[in-house]
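The values are calculated or read from the model by the stated rules, or taken from the named source; none is laboratory data. Keep in mind the model is a prediction, meaning the values are calculated, not measured. All Cβ positions, glycine included, derive from the backbone under ideal geometry; neighbour counts span all protein chains shown. Heavy atoms of the whole protein, side chains included, go into the accessibility calculation; ligands, DNA and RNA do not. Shrake-Rupley method; radii C 1.70, N 1.55, O 1.52, S 1.80 Å.
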Amino acid sequence: QVQLVESGGDLVQSGGSLRLSCVASRSIFGINAMGWYRQAPGNQRELVARIRSGGSTTYADSVKDRFTISRDNAKNTVYLQMNSLKSEDTAVYYCRVSDGGMVYWGKGTLVTVSS
């Protein structure tokens with residue numbers, strides 16, 4: 001079992017920056033991949049970014065070159081640095097991990113970008 005707690009969501013103006021954090025209840029050293037997803041009202045949940053244990057990353061085309069995902073295994077934490085935010089980035093952002101065939105989600109943190 002893994003519990004995930006996201007934080008860092010806020011109201012910002014377009015062009016601003018935020019850093020989201022996802023803290024896991026146990027070591028993430030052995031977890032192959034952790035990712036950030038987002039869901040806006042009326043939209044489907046979509047992958048934003050993913051990082052694997054070896055450090056390789058994957059980004060949605062819509063956030064590439066603006067967002068950066070990273071992990072700090074010593075702190076059991078995954079981060080999402082978001083720069084040049086747009087109103088289209090407004091959504092609830094969720095942390096996701098898979099372990100032992102199970103998928104775990106955080107409760108989400110709200111990011112609102114004003115135009």
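Couple of notes before you dig in:
- For region 32-89, the percent of C-alpha pairs falling in each 10 Å distance bin, counted from 0 to the bin holding the largest distance, reads 22, 52, 23, 3.
- If R0 is taken as 35 Å, the Cβ-Cβ distance between SER14 and THR58 corresponds to a FRET efficiency of 0.90.
- Just so you know, the Cα atoms of the chain work out to an Rg and Dmax of 13.3, 42 Å.
- Under a model in which nothing but the beta-carbon of Lys, Arg (+1) and Asp, Glu (-1) is charged, the chain shows a dipole of about 220 debye around its Cα centre.
- In this rough spin-label picture, where each label sits 7 Å from Cα along the Cβ direction, the LYS107-ASN73 distance is 3.0 nm.
- Comparing mean-square fluctuations of LEU11, LEU85, LEU20 from a GNM of the chain with C-alpha springs under 10 Å, the top value falls on LEU11.
- When all protein chains stay in place and ligands, DNA and RNA are ignored, the 1.4 Å accessible-area order of ARG71, ARG19, ARG38, ARG45, largest first, is ARG19, ARG45, ARG71, ARG38.
- Cβ-Cβ FRET estimate between SER7 and ALA40, R0 fixed at 25 Å, reported to 0.05: 0.80
- A DSSP coil position with no more than 12 other Cβ atoms inside 10 Å describes the following chymotrypsin sites (Phe, Trp or Tyr not before Pro) in region 1-101: PHE29.
- Which of ASP99, ASP10, ASP89, ASP61 is most accessible, then next, and so on - probe 1.4 Å: ASP61, ASP10, ASP99, ASP89
- Distance between the C-alpha centres of region 66-114 and region 3-25: 7 Å, rounded to the whole angstrom.
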